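First comes the structure, then the notes that go with it.
Coordinate-derived values only; no laboratory data. Please read these numbers as outputs of a predicted model, since none were measured by experiment. Positions of Cβ are backbone-derived with ideal geometry, glycine not excepted, and every protein chain shown enters the neighbour counts.
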Amino acid sequence: MHRWRAQALDMLGRHREALAAYQRSVELSGEGGEFLAGLARGHAVLGERAEAERLLARLAGERAVPTFEIAKVHLALGDRAGALSWLERAFEARSHSMVFLGVDPQLAPLRGDPRFAQLVTRMAFPPQVSGR
């Protein structure tokens, strides 16, 4: 719950509140990798690069690396190429989070990138059904 709250606050531009919610999600999850990646992204959004990178280094030692979430940290740090590389790793690893590839608002800055479009195509999402 706190992770989704954090993402909503982040999208509203309430980054300090989002960071607190990310921190709480880490505590409640027993420091799970996806939650640590969210916290790293929260620090990156606030310009706290050293802390974001420290958490990324910690995630590298995890047994189950949250590739999709790590991509979003790299994007928040301004590393588009790194973000795309991690998304490609997420695709290869069949990360369950890849179902959000085309709609995750935290990935919006990549939407015009040809590598991103190619990944979306490779996901072979069914065509959108028009609304009523």
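Within the group G13, G78, which residue is over 14 Å from the mean Cα position of the chain (by Cα), in a loop (DSSP other than H, G, I, E, B) and free of Cβ contacts under 8 Å to residues at least 12 places away in the same chain?
Only one candidate qualifies: G13.
Take the residues in segment 81-132 that are of a type in the set (S, T, Y) and part of a helix (DSSP H, G or I), then tell me which one is farthest from the chain's Cα centre (by Cα).
Here the residue is T121.
One line per residue, one yes/no per condition, for (1) of a type in the set (K, R); (2) surrounded by 22 or more Cβ atoms within 10 Å (Cβ to Cβ); (3) closer than 24 Å to R111 by Cα:
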{"site": "S29", "(1), (2), (3)": "no, no, no"}
{"site": "R41", "(1), (2), (3)": "yes, yes, yes"}
{"site": "L46", "(1), (2), (3)": "no, no, yes"}
{"site": "A52", "(1), (2), (3)": "no, yes, yes"}
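Could you check how many residues of segment 1-31 are among the small types (G, A, S) and more than 23 Å from V103 (Cβ to Cβ)?
3
Among the listed residues R3, R41, R54, R24, identify the single one that is under 25 Å from R122 (Cβ atoms) and either free of Cβ contacts under 8 Å to residues at least 12 places away in the same chain or in a helix (DSSP H, G or I) (or both).
Matching residue, one of R3, R41, R54, R24: R41.
Would you mind telling me which numbered condition in (1) touching an Asp or Glu at 6+ places or on another chain (Cβ under 9 Å); (2) exposed (fewer than 14 other Cβ atoms within 10 Å of the Cβ) F68 fails?
Tallying (1) touching an Asp or Glu at 6+ places or on another chain (Cβ under 9 Å); (2) exposed (fewer than 14 other Cβ atoms within 10 Å of the Cβ), F68 fails exactly one: (2).
Quick one: how many residues across segment 1-27 are surrounded by fewer than 14 Cβ atoms within 10 Å (Cβ to Cβ), of a type outside the set (K, R) and within 12 Å of H43 (Cβ to Cβ)?
Count: 0.
For segment 81-116, how many residues are surrounded by fewer than 16 Cβ atoms within 10 Å (Cβ to Cβ) and either touching a His at 6+ places or on another chain (Cβ under 7 Å) or touching a residue at least 60 places away in the same chain (Cβ under 8 Å) (or both)?
Total meeting the criteria: 1.
All but one of (1) surrounded by fewer than 20 Cβ atoms within 10 Å (Cβ to Cβ); (2) more than 18 Å from H15 (Cα to Cα) hold for G78, so report the exception by its number.
Of everything listed in (1) surrounded by fewer than 20 Cβ atoms within 10 Å (Cβ to Cβ); (2) more than 18 Å from H15 (Cα to Cα), G78 misses just condition (2).
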